[in-house]
Amino acid sequence: MAVYSFHIFDRKGKTLFTKRYNTQNQIKQRPEEEEEQRKLIFGSLFSLREIVTTLSPMNDGFSEPTVLQSIKTGACTLHVYETMSGMRLVMYTDNYVANSGGDSPVREALKHIYSDIWVEYVVRSPLYRPGDLMPVSGNGNNATVKATDGRNKFDIRSTEFEKRLDTFLTKKSWFR
């Protein structure tokens, strides 16, 4: 299975992290096009989640809520893991995923990325403060930069997160 990209969005749709993989067959995009693509992905996920929860027969207040796990088209699949805080981890892959019942291996990987890599290397960082994450397009050379309001912004790339993410994904048998 080819993994094309990985994104993390906060509950308001701000891109916290993005990384492209397997780019040999992809057309180089301008930064504005990439930003527009991330907005489209988040908007689609947000809208489809609303449709799924509204139309779900299990939406009675007692059952476990219905969640959007993936969106599959003829060419690709968006795998989604949404946390209780509204953070969305999204992996964009081709359609060749071995699914042996239950959660897909990609969904399990997304859960692991959140609980064991994101929490460990970003949330537990002494520099991290909720709401003060620097946008993805910032300079990754410094751990903090001044925002327009004078507060320091935390850069995710200053942590071991990206390195641990790459190590974890490349060890997966389905990653290429």
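The values are calculated or read from the model by the stated rules, or taken from the named source; none is laboratory data. Source: prediction; values computed, not measured. Neighbour counts run over all protein chains shown; Cβ positions are idealised from the backbone, glycine included. These area figures cover heavy atoms from the full protein model, side chains too; ligands, DNA and RNA do not enter into them. Shrake-Rupley method; radii C 1.70, N 1.55, O 1.52, S 1.80 Å.
From PRO65, PRO57, grab the single residue that is modelled with pLDDT under 80, open to solvent by 80 Å² or more (accessible area, probe 1.4 Å) and under 26 Å from PRO130 (Cβ atoms).
Numbers: PRO57 fails: under 26 Å from PRO130 (Cβ atoms).
Just a single option satisfies the conditions, and that option is PRO65.
In region 74-96, how many residues are open to solvent by less than 70 Å² (accessible area, probe 1.4 Å) and out of contact with any helix residue (DSSP H, G or I) (no Cβ under 9 Å at 6 or more places or on another chain)? If you could, list the steps in order and put the result at the bottom.
Restricting attention to region 74-96, the residues satisfying the condition of being open to solvent by less than 70 Å² (accessible area, probe 1.4 Å) are 76-83, 85-95.
Adding the requirement that they be out of contact with any helix residue (DSSP H, G or I) (no Cβ under 9 Å at 6 or more places or on another chain) leaves 76, 85-86, 94-95.
Count: 5.
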Return the residue satisfying two criteria in turn: it lies in region 167-176 and is in contact (Cβ under 8 Å) with a residue 12 or more places away in the chain and assigned to a helix (DSSP H, G or I), and of such residues it is surrounded by the fewest Cβ atoms within 10 Å (Cβ to Cβ).
PHE168
Hits in region 116-166 (condition: assigned to a helix (DSSP H, G or I), open to solvent by 60 Å² or more (accessible area, probe 1.4 Å) and either more than 23 Å from ARG38 (Cα to Cα) or modelled with pLDDT under 75 (or both))
ASP116, GLU120, TYR121, ARG157
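Residues checked against (1) closer than 24 Å to TRP174 by Cα; (2) modelled with pLDDT of 75 or more:
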site: MET1; (1), (2): yes, no
site: LYS12; (1), (2): no, yes
site: LEU16; (1), (2): no, yes
site: GLN26; (1), (2): yes, no
site: GLU32; (1), (2): no, no
site: ILE41; (1), (2): yes, yes
site: ARG49; (1), (2): no, no
site: THR53; (1), (2): no, no
